[in-house]
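Student: The structure that follows is given in the form of structure tokens.
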Amino acid sequence: MQATTLLPRTADLFTQGLEQQAGSALLRFGAARPRPDGRISWSGDGAVAWLDEPRGHVWSVGEPTAAAGLVLRASHQLPEKVREFTGPRGTEALLARHLPVAEPITWVFRWTLAEPPVHPAEERVVELDATHHEELLTFLNAHSPAHSTGPGSADVSLWAGIRGADGQLVACGALSTLRDSGAPLMASVATDAAQRGQGLGAALTSWLTRYAVRRYGFCTLWQLADNAPADRLYTRLGYRNEDPCVAGRITGH
């Protein structure tokens, strides 16, 4: 993998047909078609990559060596902009030969086109609006401090929750969006720590999935690779597991 001073390519990301291959659902659902005006992207044999400029995040899909090469190219061409990356599993080790990579985390990008089986507790799910944002934030801070998105985020189209007998929230979750494509992304699903094991998270996840599939035709989510309970739940709900990814920070340009 050699650095290059060539300008980022602007060819459409879909010209290689990678989106049809197993392991490339992130491209199929996460990159918009047609290419957004001004999007910076790269293409190589067996991989494509594109830059989320506000985050300084390079997304890459394809064969790990080729994907790592594109992330490396992006980092050398745009050192002030590229701070993070996501790529196929193995990208982090290849990049680390050339760049300092910090805090690599393994993820799975999952998706479904089908409504899941109805969970008995789905009838308890209610939609929440802006008047509940303070309540949602308090709940998330208490039960899921590392939540991926919060109340008031411009990317969120819907918040939903389940309340206990006393009227207090016992579970919540959101439908957010993937930035480039606007694809529905389930996010920030949390359950009261004292009431886990009662199927509340499963009911809420099932309800949000059904809502997204009926409205948009599909739903996507990110799962930590080592979260076995989540893996079992999402598999039971019909989410495909074909896209093992790794994310990390690039430091010390």
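Student: Report, in debye and to the nearest 20, how large the dipole of the chain comes out about its Cα centre when Lys and Arg carry +1 and Asp and Glu carry -1 on their Cβ.
Tutor: Details: 23 positive and 26 negative charges, 92 e Å.
With Lys and Arg at +1 and Asp and Glu at -1, about 440 debye.
Student: At a 1.4 Å probe radius, carbon and sulfur cover how many percent of the accessible area of segment 1-160? Before the final figure, lay out each step's value.
Tutor: Numbers: 4220 of 7950 Å².
Summing carbon and sulfur atoms, their accessible area is 53 percent of the total for segment 1-160.
Student: Quick check: the angle from helix 200-216's long axis to the longest principal axis of the chain, C-alpha only, nearest 10 degrees?
Tutor: With both axes taken from Cα atoms, the answer is about 60 degrees.
Student: At 1.4 Å probe size, with no ligands or nucleic acids counted, give the accessible surface of His76 in Å², nearest ten.
Tutor: About 90 Å², ignoring ligands and nucleic acids.
Student: Expressed as an acute angle from 0 to 90° and rounded to the nearest 10, what is the orientation of the C-alpha long axis of helix 64-77 relative to the principal long axis of the chain?
Tutor: 70 degrees
Student: Further question on the same structure: I need the phi-derived Karplus couplings for segment 109-124: 6.51 cos²θ - 1.76 cosθ + 1.60, θ = phi - 60°, integer Hz, Gly and Pro marked x.
Tutor: So the J values, rounded to whole Hz, are 8, 10, 7, 8, 10, 10, 5, x, x, 6, 8, x, 8, 4, 5, 8.
Student: Quick one: order Asp52, Asp129, Asp37, Asp155 from most to least accessible surface, probe 1.4 Å. Don't skip to the end; give the middle numbers.
Tutor: Working: Asp52 10, Asp129 80, Asp37 155, Asp155 55 Å².
If we order Asp52, Asp129, Asp37, Asp155 from most to least accessible, we get Asp37, Asp129, Asp155, Asp52.
Student: Run the helix sum for the chain: -39,500 (n - 2.57) per DSSP H stretch of 4+ residues, divided by residue count, reported at 222 nm to the nearest 500 deg cm²/dmol. The partial results should precede the final answer.
Tutor: On the way: 6 runs with 62 residues, N = 253.
That calculation yields -7500 deg cm²/dmol at 222 nm.
Student: With all protein chains present, calculate the accessible area of Ser181 using a 1.4 Å probe and round the result to the nearest 10 Å².
Tutor: Per-residue accessible area (Ser181): approximately 50 Å².
Student: Let me ask something additional. Just to be sure I understand the model, the point goes 7 Å from the Cα along the line to the Cβ. What's the resulting Asp12 to His98 distance in nm?
Tutor: 2.8 nm
Student: Over the chain, give the accessible area per residue in Å² for a 1.4 Å probe, as an integer. Let's see the in-between values first.
Tutor: Working: 11910 Å² over 253 residues.
That works out to 47 Å² per residue.
Student: Show the residues, 5+ positions off or on another chain, whose built amide H is closer than 5 Å to the amide H of Thr86.
Tutor: Here Val58, Trp59, Ser60 satisfy the definition.
Student: Under the rule a/c < 1.5 gives rounded, and otherwise a/b versus b/c splits prolate from oblate, where does segment 191-238 land using the Cα gyration tensor? Present the calculation step by step, with values, prior to reporting the outcome.
Tutor: On the way: a/c = 2.41, a/b = 1.41, b/c = 1.71.
Because a/c hits 1.5 or more and a/b fails to exceed b/c, segment 191-238 counts as oblate.
Student: Suppose R0 equals 30 Å. What FRET efficiency, 1/(1 + (r/R0)^6) with r the Cβ-Cβ distance, do Glu127 and Asn241 give to the nearest 0.05? Show your work: numbers first, answer last.
Tutor: Details: r = 29 Å, r/R0 = 0.96.
Efficiency, from the Cβ-Cβ distance: 0.55.
Student: Phe218 to Arg249: FRET efficiency via 1/(1 + (r/R0)^6), r the Cβ-Cβ distance, R0 25 Å, to the nearest 0.05?
Tutor: Here the calculated transfer efficiency is 0.25.
Student: Rounded, prolate or oblate: which one fits segment 87-155, using the alpha carbon gyration tensor with axes a ≥ b ≥ c (rounded when a/c is under 1.5, else prolate when a/b beats b/c, else oblate)?
Tutor: Working: a/c = 3.20, a/b = 1.68, b/c = 1.91.
Because a/c hits 1.5 or more and a/b fails to exceed b/c, segment 87-155 counts as oblate.
Student: Related question: Given segment 45-128 reduced to its alpha-carbon atoms as identical point scatterers, what log10 I(q)/I(0) does the Debye formula return at q = 0.12, 0.20, 0.23, 0.27 Å⁻¹?
Tutor: Cα-only, vacuum Debye calculation for segment 45-128: -0.47, -0.85, -1.09, -1.46.
Student: Please compute the modelled spin-label separation between Arg83 and Ile105, points set 7 Å along Cα→Cβ, answer in nm with one decimal.
Tutor: The two pseudo-label positions are separated by 1.5 nm.
Student: Under a 1.4 angstrom probe, counting protein chains only, how are Thr138, Thr205, Thr251 ranked by accessible area, largest first?
Tutor: Details: Thr138 90, Thr205 0, Thr251 45 Å².
Listed by decreasing accessible area, they come as Thr138, Thr251, Thr205.
Student: Using θ = phi - 60° and the Karplus curve 6.51 cos²θ - 1.76 cosθ + 1.60, what whole-Hz ³J(HN,Hα) does each residue of segment 225-234 get, with Gly and Pro shown as x?
Tutor: Listing the rounded values in order: 4, 9, 8, 5, x, 5, 4, 5, 5, 5 Hz.
Student: Where q = 0.11 Å⁻¹, what log10 of I(q)/I(0) comes from the Debye formula for the chain, counting one point per Cα?
Tutor: Evaluating at q = 0.11 Å⁻¹ gives log10 I(q)/I(0) of -0.62.
The values are calculated or read from the model by the stated rules, or taken from the named source; none is laboratory data. Just so we're clear, the structure is a prediction, and the values are computed from it rather than from any experiment. So basically every Cβ, Gly included, is an ideal-geometry build from the backbone, and we count neighbours across all protein chains shown. Each accessible area value is taken on the protein alone, full model and side chains, heavy atoms only, with ligands, DNA and RNA left out. Shrake-Rupley method; radii C 1.70, N 1.55, O 1.52, S 1.80 Å.
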